[in-house]
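Read through the structure below, which is laid out as structure tokens, and then see the notes.
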Amino acid sequence: MSDEANEIHRLGVLISGRGSNMLALARAVREGEIREAQIVVVVSDRANAPGLKLAAEQGIETLVIERRASSREEHEREIIAALRARHVDLVCLAGYMRLLSPVFIEAYRWRTLNIHPSLLPSFPGLDAQRQALEHGVKWTGCTVHFVDETLDGGPIIEQRVVPVLDDDTVETLSARILAQEHKAYPAAVARVLRGDFQLIGRRVLLKSR
Ligand code: GRF
């Protein structure tokens, strides 16, 4: 992030669906947990994503950029152009259901975050909550990480832990994790925007340490 004093950070959020993490970020910006920041655009690759309406209700600009016949790279270039046109300096993936190619990763390296509903590196990919339940782990949670070329494998910024209960279903476990996601994502974004970290190898450590 830039060191300029009093700069308002410009966030872009990419979604494909429900948008509850996007809303949690919007609330954190509004309530000052994420300081000196604004969500300037919410981009969805699906026209019917419920999160689009939620974003519009918050007064946030929404864009639908579907992939249609274009290649993955062409689609991403369209998104990058829209983000750059709005001077976005941090991209938050929030239930964005597409794998990003090196084209996007390069454009926003160290400036793209993702949230995943497991304690990575356990259970990357789809259906992380079901994977955890079926594996039989007793604890799971959520992870906010920088996005790199690996699937859910970039350096970890923040994790929250929840228990797996004997009578859990995918739905009850997902709800318990989601409540923590809504705390972890704002905390991670606030920290990244403050520049309060140093990267040592894969480890995201406190700067002041
Ligand atoms: C969340 O569980 C998130 O961890 C995962 O996709 C889900 C998105 O939910 N990447 P929402 O759209 O933010 O409600």
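The values are calculated or read from the model by the stated rules, or taken from the named source; none is laboratory data. None of these values were measured; they are calculated from a predicted model. Note: ideal-geometry Cβ built from the backbone for every residue, glycine included; neighbour counts use all protein chains shown. Surface areas here come from the heavy atoms of the whole protein model, side chains and all, with no ligands, DNA or RNA. Shrake-Rupley method; radii C 1.70, N 1.55, O 1.52, S 1.80 Å.
In the range 6-31, the residues that are open to solvent by less than 20 Å² (accessible area, probe 1.4 Å) and assigned to a helix (DSSP H, G or I) reach residues that are near the ligand (Cβ under 7 Å from one of its atoms) and of a type in the set (D, E, K, R) with C-beta atoms within less than 8 angstrom, at least six apart or across chains, in these pairs: Asn21/Glu181; Ala24/Glu181.
Selection within the range 83-131: residues that are of a type in the set (Gly, Ala, Ser) and not in a loop (DSSP other than H, G, I, E, B). The member of this set that is nearest to Asn21 (Cα to Cα) is Ala128. Every condition in (1) out of contact with any Ser or Thr (no Cβ under 9 Å at 6 or more places or on another chain); (2) over 19 Å from His182 (Cα atoms); (3) at pLDDT 95 or above holds for Glu78 except the one numbered (1). Of the residues screened, Gly95 is one that is within 30 Å of Arg130 (Cα to Cα), in contact with a helix residue (DSSP H, G or I) (Cβ under 9 Å, 6 or more places away or on another chain) and open to solvent by 10 Å² or more (accessible area, probe 1.4 Å).
Exactly one residue among Ala49, Ala81, Ala55 is more than 13 Å from the ligand (Cβ to nearest atom) and either in contact (Cβ under 8 Å) with a residue 24 or more places away in the chain or not aromatic (Phe, Trp, Tyr) (or both), and that residue is Ala81. Evaluation of Gln38 against the conditions (1) within 15 Å of the ligand (Cβ to nearest atom); (2) open to solvent by 80 Å² or more (accessible area, probe 1.4 Å); (3) polar (S, T, N, Q) shows that the sole unmet condition is (1). Would you say Gly136 is at positive phi and within 11 Å of the ligand (Cβ to nearest atom)? Considered against the rule, which asks whether it is at positive phi and within 11 Å of the ligand (Cβ to nearest atom), Gly136 comes out as no. Annotation: Glu134 fulfils all but one of (1) assigned to a helix (DSSP H, G or I); (2) surrounded by fewer than 18 Cβ atoms within 10 Å (Cβ to Cβ); (3) in contact with a Phe, Trp or Tyr (Cβ under 7 Å, 6 or more places away or on another chain); the unmet one is (3). If the condition is being open to solvent by less than 10 Å² (accessible area, probe 1.4 Å), within 16 Å of the ligand (Cβ to nearest atom) and aliphatic (A, V, I, L, M), then the range 98-113 contributes only Leu113. Of all residues in the range 146-156, none are crowded, with 18+ Cβ neighbours inside 10 Å and of a type in the set (Ser, Thr, Tyr).
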